[in-house]
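Trainee: Before anything else, here's the structure in question.
The values are calculated or read from the model by the stated rules, or taken from the named source; none is laboratory data. Computed from a prediction, not measured in an experiment: that's the story for all the values here. Don't worry about glycine lacking a Cβ; one is built from the backbone with ideal geometry, like all the others, and counts go over all protein chains shown.
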Amino acid sequence: MSGPSFSLKDLADTVKGELVGDPKIVISSIATIQNASPGCISFLANPKYYKFLADSSASAIIVSPELSKDLRTPGIIAGDPYAAYAKISGLFAKYKNPYANQAMNYFVHETAEVHDSVIIGPNVYIGPECKIGKNSIIHANSSLVMNVEIGKNTIIHFNSILGSDGFGYASEKDEYIKIEQLGKLIIGDNVEIGAGCTIDRGAIDNTEIHNGVKLDNQVHIAHNVILGKNSAIAASCAIAGSTIIGKNLQMGGLSGILGHLKITDNVLIGAHTLITKSIDKAGNYVGIMPAQSQKDWAKSSVFIKQRKSK
């Protein structure tokens, strides 16, 4: 099955870029600048790939205005070549609905409200009081346990569990008493949640994932967290309960944020970093210690403690 193709003018119009060369050139695929062949469009966003610009076999290349003088092929001049590539990539997606024309087996509770335009994969469970907005996609094997509200144009990838019970217990003598989780999980518009993510609904108040948030695979967000709009979290991160996070958080892989904290807007957290205190100033936060032998680590930890005590 052959994919779609577009004229170079079509693509330039899509990204509102300046066209260079023959507008009728036919583009049938996207490729990296070093591996492109005729019929492909490529892009140059990372300076370390500049060395491939002159000799690329791509039929067209997307470049920034600063590099337009070095362009030796037809192309598109765009302020942000990577963003332009992202927009064009959507045109080449072959399977907008991978479940079309197939018999589906999924469960929707009688109290749930699902817009007619929603795409639902096989083995999906949509539980009590759930709501799903226009043009959202719930991929196979995902579960919306209960009290989950999802906005428009949101994508839930395979095997994610939304609205599960938060980790809430009261201790009494030698046992734990379960606290029923009575709040909601509210997910906004244009959110994308990766495969195998778990987001708990609130205990009393709601867990909130605001518009434009992007989660990588295997991210856990505990009950009553508020995650601000346009935040992006890489794989295998965790955020503990009742933490409130502003907009534009960026969180590197395998990082964590402890519970009951407040994180301001525009915070970047490096990979493998654990945030243990509230952050009230925007900036880049990292706490990575290179791997060492156990013996050397023991020496380093003594030195760190001595420095902190001064």
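Trainee: Which of the numbered conditions does THR111 fail, given that it passes all the others? Conditions: (1) exposed (fewer than 15 other Cβ atoms within 10 Å of the Cβ); (2) modelled with pLDDT under 95; (3) not small (Gly, Ala, Ser).
Mentor: In the conditions (1) exposed (fewer than 15 other Cβ atoms within 10 Å of the Cβ); (2) modelled with pLDDT under 95; (3) not small (Gly, Ala, Ser), THR111 misses (2) alone.
Trainee: A follow-up question, please. Name the single residue, out of those in the range 12-36 being of a type in the set (Ser, Thr, Tyr) and in a loop (DSSP other than H, G, I, E, B), that is nearest to ALA86 (Cα to Cα).
Mentor: Checked the range 12-36; the qualifying residue nearest to ALA86 (Cα to Cα) is THR32.
Trainee: A further question on this structure: Has the range 43-61 got at least one residue that is modelled with pLDDT under 95 and at positive phi?
Mentor: no
Trainee: Can you find a residue in the range 93-104 that is touching a strand residue (DSSP E or B) at 6+ places or on another chain (Cβ under 6 Å) and surrounded by fewer than 16 Cβ atoms within 10 Å (Cβ to Cβ)?
Mentor: Scanning the range 93-104 turns up at least one residue that is touching a strand residue (DSSP E or B) at 6+ places or on another chain (Cβ under 6 Å) and surrounded by fewer than 16 Cβ atoms within 10 Å (Cβ to Cβ).
Trainee: Residues of the range 201-229 being assigned to a loop (DSSP other than H, G, I, E, B) and within 18 Å of SER255 (Cβ to Cβ), which ones?
Mentor: Result: VAL213, ASP216, ASN217, GLN218, VAL219, ALA222, VAL225, GLY228.
Trainee: What is the residue count in the range 208-241 for residues that are touching a strand residue (DSSP E or B) at 6+ places or on another chain (Cβ under 7 Å) and either free of Cβ contacts under 8 Å to residues at least 40 places away in the same chain or not assigned by TED's automatic domain parsing to the domain that holds ILE132 (or both)?
Mentor: 22
Matching residues to (1) in contact with a Ser or Thr (Cβ under 7 Å, 6 or more places away or on another chain); (2) part of a strand (DSSP E or B); (3) closer than 18 Å to ALA12 by Cβ:
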| position | (1), (2), (3) |
| --- | --- |
| PRO38 | yes, no, no |
| TYR49 | no, no, no |
| LEU67 | no, no, yes |
| TYR82 | no, no, yes |
| LYS87 | yes, no, yes |
| SER117 | no, no, no |
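Trainee: Give the residues of the range 128-145 that are crowded, with 23+ Cβ neighbours inside 10 Å and part of a loop (DSSP other than H, G, I, E, B), sorted by residue number.
Mentor: Listed by number, the residues that qualify are CYS130, SER136, SER142.
Trainee: Can you tell me how many residues in the range 89-106 are part of a helix (DSSP H, G or I) and on the phi > 0 side of the Ramachandran plot?
Mentor: Selection size over the range 89-106: 0.
Trainee: Taking into account only those residues within the range 164-198 that are in contact with a Ser or Thr (Cβ under 8 Å, 6 or more places away or on another chain) and in a strand (DSSP E or B), which is farthest from VAL124 (Cα to Cα)?
Mentor: Among them, the one singled out is ILE177.
Trainee: Please find, among GLY283, GLY270, the residue that is of a type outside the set (D, E, K, R), without any contact (Cβ under 8 Å) to a residue 60 or more places away in the chain and exposed (fewer than 11 other Cβ atoms within 10 Å of the Cβ).
Mentor: The match here is GLY283.
Rundown of residues vs (1) more than 23 Å from GLY241 (Cβ to Cβ); (2) of a type in the set (S, T, N, Q), yes/no style:
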{"residue": "LEU274", "(1), (2)": "no, no"}
{"residue": "SER278", "(1), (2)": "no, yes"}
{"residue": "ALA282", "(1), (2)": "yes, no"}
{"residue": "TYR285", "(1), (2)": "no, no"}
{"residue": "GLN292", "(1), (2)": "yes, yes"}
{"residue": "ASP296", "(1), (2)": "yes, no"}
{"residue": "GLN306", "(1), (2)": "yes, yes"}
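Trainee: A further question follows. Checking the structure you have, find out if any residue of the range 251-260 is touching a residue at least 24 places away in the same chain (Cβ under 8 Å) and closer than 23 Å to GLU129 by Cα.
Mentor: No, the conditions are met nowhere in the range 251-260.
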